[in-house]
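The values are calculated or read from the model by the stated rules, or taken from the named source; none is laboratory data. Just so it is clear, the structure is predicted and the values come from calculations on it, not from any experiment. Neighbour counts are summed over all protein chains in view; Cβ atoms, including those assigned to glycine, are modelled from backbone coordinates with ideal geometry. We work out accessible area using only protein heavy atoms, side chains counted, and drop any ligands, DNA or RNA first. Shrake-Rupley method; radii C 1.70, N 1.55, O 1.52, S 1.80 Å.
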Amino acid sequence: MKTQHFDILIRAPREHVWATMLQSPTYERWTATFCEGSRFEGSWDQGQKIRFVDPKGMGMVSEIAEHRPAEFVSIRHLGMVDKGIEDTTSEAVRAWAPCFENYSFTDEAGGTRVRVDCDVFGTYEDWMAQTWPKALQSLKTLCETPA
């Protein structure tokens, strides 16, 4: 498995960037880059289960491995969700799970540097390399546009 790294400088305070990234309805807006209508179900609290799903109930089941507000979030992906049914034990899932997606927020040049470290498996490598920069640009626009 390979870990990909992405980052962007956003001209907004860390707390604002963190909240915009993780809270509804802005979460759904920047993640639409990955899949229109994507959403999360569950809690961003450390140790809690969270699901990332599309409008058809397809996606990933995960847990929040670590969460230090406005500083660091570590998502441990445990399996897939198919039409609402979780799979954490199949051979296909065991080939890559668990894998991690980590978000770091640091102060830089009057703004916030967001860094994403994302474990990638198989055919998703190119797609993630193309999609994450677009998603982060969308997050930047949301954070920097006055409400």
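Phi angles across segment 43-57 convert, under the Karplus curve 6.51 cos²θ - 1.76 cosθ + 1.60 with θ = phi - 60°, into 3J(HN,Hα) values of 10, 8, 6, 3, x, 8, 6, 8, 10, 10, 9, 8, x, 8, x Hz, Gly and Pro given as x.
Once the Cβ-Cβ distance of Ser104 and Met58 is raised to the sixth power relative to R0 = 30 Å, the FRET efficiency obtained is 0.60.
Relative contact order of segment 34-90, please, whole-number percent, based on alpha carbon pairs below 8 angstrom and at least 6 residues apart.
On the way: 117 pairs, mean separation 14.4, N = 57.
Relative contact order for segment 34-90 comes out at 25 percent.
Relative to the longest principal axis of the C-alpha atoms of the chain, give the angle of the C-alpha long axis of helix 124-144, reported between 0 and 90° and rounded to the nearest 10°. Rounded to the nearest ten degrees, it is 30. Estimated at the nearest 10 Å², the accessible area of Thr20 is 10 Å² with a 1.4 Å probe.
Give the relative contact order (percent, whole number) for segment 2-147; include only Cα pairs under 8 Å separated by 6+ residues. Walk me through the numbers on the way to the answer.
Details: 298 pairs, mean separation 45.6, N = 146.
Relative contact order here is 31 percent.
Of the Cα atoms belonging to segment 2-111, the radius of gyration and Dmax stand at 14.6, 47 Å.
For segment 52-147, trypsin sites (Lys or Arg not before Pro) meeting the loop criterion (DSSP other than H, G, I, E, B) and having at most 14 other Cβ atoms within 10 Å: Lys56, Lys83.
Here are some pairs, Lys2/Lys83; Lys56/Lys134; Lys2/Lys49; Lys83/Lys140; which of them have Cα atoms lying more than 26 Å apart in this structure?
On the way: Lys2/Lys83 28 Å; Lys56/Lys134 23 Å; Lys2/Lys49 24 Å; Lys83/Lys140 32 Å.
The pairs that break the limit, which is 26 Å between Cα atoms, are Lys2/Lys83; Lys83/Lys140.
Comparing Cα centroids, segment 95-147 and segment 1-70 end up 9 angstrom apart.
The phi torsions of segment 110-122, fed into the Karplus equation with coefficients 6.51, -1.76 and 1.60 and a -60° offset, translate into couplings of x, x, 10, 8, 9, 10, 10, 10, 10, 6, 10, 10, x Hz, rounded to whole numbers, with Gly and Pro shown as x.
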